[in-house]
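Here is the structure we will look at.
The values are calculated or read from the model by the stated rules, or taken from the named source; none is laboratory data. Bear in mind the structure is a predicted one, so any value in this text is a computation, not a measurement. No Cβ is skipped: glycine too gets one built from the backbone with ideal geometry, and neighbour counts run over all protein chains shown. Remember, those area values only see protein heavy atoms, side chains included, never the ligands or the DNA or RNA. Shrake-Rupley method; radii C 1.70, N 1.55, O 1.52, S 1.80 Å.
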Amino acid sequence: MLKVRLIPCLDVKDGRVVKGVNFVDLRDAGDPVEQAQIYDKAGADELCFLDITASHENRDTILDVASRTAEQCFMPLTIGGGVRTTEDIRRLLLAGADKVSINTAAVKHPDFVREAAEKFGTQCIVVAIDAKRTGTEKFEIFTHGGREPTGLDAVDWARRMAGYGAGEILLTSMDRDGTGEGFDIPLTRTIADAVSIPVIASGGVGTLDHLVEGVRDGHASAVLAASIFHFGTYSIAEAKQAMDKAGLAVRL
Amino acid sequence: MPEMNVVIIDYGSGNLRSAAKAFERAARESETGAAILVSSDPEALARADRIVLPGVGAFGDCRRGLAALDGMIAALNEQVIGRGKPFLGICVGMQLMAARGLEHGVHEGLGWIAGDVVAITPHNGLKVPHMGWNELAIDAPDHPLLRDVANGDHAYFVHSYALSAQDRAEVLAHTDYGGTFPAIVGRDNMVGTQFHPEKSQATGIRLIGNFLKWQP
């Protein structure tokens, strides 16, 4: 049986780990490669690095992080943040990433996703969707860390990206991200039920119950969290045990 | 001088750096002293003791990439079929061992393993691609590749197509995702894994180590 994936995410800036609360108040907490090794040993199912300042600063720091991680961790590694061109993707994959996540560039040039999937294979193309609630059951795509509305309906967009060859969707609720209040379950479930590709739920995890809810109620194939692992609130093992206890199929 | 040369074939399919690192780790842990070389040169296969064919993406693209290396397919047949060198195919590299791939058209495979590579159509509305950690159900527990690998051990899969095997004796392990399909195939001196051993943490490294030690 396929297991639900638990994915710790590290926000990386200048080759160092940070995590913002609603994308501000950054706190520096160490070397991403060391963190990655800890997660690897603890039984994380995949790793995710989000290069949060990629649009402004030197990209090579993340390439170095990718390559050092790939030498130590024999598990899937996704890198996102500032991925705009097929050359960006090529460099990340060559450095050691297994998948790249595309966010703003997909919104600006949807065909970029199609081109990337054709060139590198759908298996390595993750489309990151940052969505905000704009009505009772309405969700809109935002870019630039949740600052820029796009007018795009999140469900339509997710379907379109799946059709363009995205291998999976990394769905973040911008209302919940950094709050610790749990995933936006209606958002997660609506998108997960609308597409045939896997959806990773992200944004808002504060307790282990939230991870369970993302899968059980949100229908996500994988759950991503940053702060709760990163600041040692919970360990990967505790999270897996909680999910197992709730009846979810996890790799223990 | 290392005693054993392992060539990972580079035909433009994906990142082989992390695969090479995984093989280097497995070589150290299995104390086989294997030297790992990533190469697109068909002549490197003649000097190799073991051959690895990775692969990500679509069957047809991989087949074209392999065919674009002048003499590579002939060298593979000569070294693996003719000279019996141990061979490991990974993911689409495993699928290429089949007779045909039916992804975006019909494409000829190497024809080493009986069967076609077809789209997976899991029932229960399961998601495609089959992506993540799934359990191995071992059909050939005595195969040296599976030494210290147990039923239920997890491996990392990511694929939308799978081998429809014609000869059950060639299926060494399978997995279940709304229906079963081969996870490991093999015969004689060749094996192939639908999953990625280089991404499958300790189980994967163990399996690669077993391949490096294998004396078919």
List the residues whose amide H sits under 5 Å from the amide H of A:A225, counting only those 5 or more places along or on another chain, with H placed 1.01 Å from N in the peptide plane. A:I7, A:C9
If amide H atoms are built 1.01 Å from N in the plane of the peptide, which residues on other chains or at least 5 residues away come under 5 Å of the amide H of A:V12? A:V18, A:L50, A:D51, A:I52
Roughly to the nearest percent, how much of the accessible area of region A:38-120 is carbon and sulfur, given a 1.4 Å probe? 48
Could you name every residue in region B:99-137 that has 50 Å² or more less accessible surface in the full protein assembly than in its own chain alone (probe 1.4 Å, ligands and nucleic acids excluded)? B:K127, B:M131, B:W133
Principal axes of chain B: Cα extent on each, largest first, Å: 54, 37, 30
Run the accessible area of region A:130-240 with a 1.4 Å probe and give the carbon-and-sulfur part as a rounded percent. 45
CD proxy at 222 nm, helix term only [per DSSP H run n ≥ 4: -39500 (n - 2.57); per residue of chain B; nearest 500]: -6500 deg cm²/dmol
Looking only at Cα atoms, what is the convex hull volume of region B:48-105 per residue, in Å³? 78
Determine the order of B:I9, B:I81 by accessible area, beginning with the largest, at a probe radius of 1.4 Å. B:I81, B:I9
Any idea of the total accessible area buried by the B-A contact, 1.4 Å probe, rounded to 100 Å²? 2600
I'd like the residues of region B:188-203 whose 1.4 Å-probe accessible area shrinks by no less than 10 Å² going from the isolated chain to the full set of protein chains. B:E198, B:K199, B:Q201
How much accessible area does A:I200 have with a 1.4 Å probe, in Å² rounded to the nearest 10? 10
So what does A:S235 come to for accessible area, using a 1.4 Å probe and Å² rounded to 10? 50
Fraction of accessible area attributable to carbon and sulfur, region B:115-216 (%, probe 1.4 Å): 45
Return the long-range amide H neighbours of B:D153 (sequence gap of 5 or more, or a different chain), with a cut-off of under 5 Å between placed amide H atoms. B:L136
Trypsin sites (Lys or Arg not before Pro) restricted to DSSP loop in region B:82-191 with at most 14 other C-beta within 10 Å: B:R83, B:R147
Once the mean of 1/r over all distinct C-alpha pairs in the protein assembly as shown is inverted, the Kirkwood radius in Å reads 22.3
Could you sort out which of A:K138/A:K240; A:K3/B:K199; A:K240/B:K127; A:K99/B:K85; A:K132/A:K245; A:K138/A:K245 sit more than 25 Å apart by Cα distance in this structure? A:K138/A:K240; A:K99/B:K85; A:K132/A:K245; A:K138/A:K245
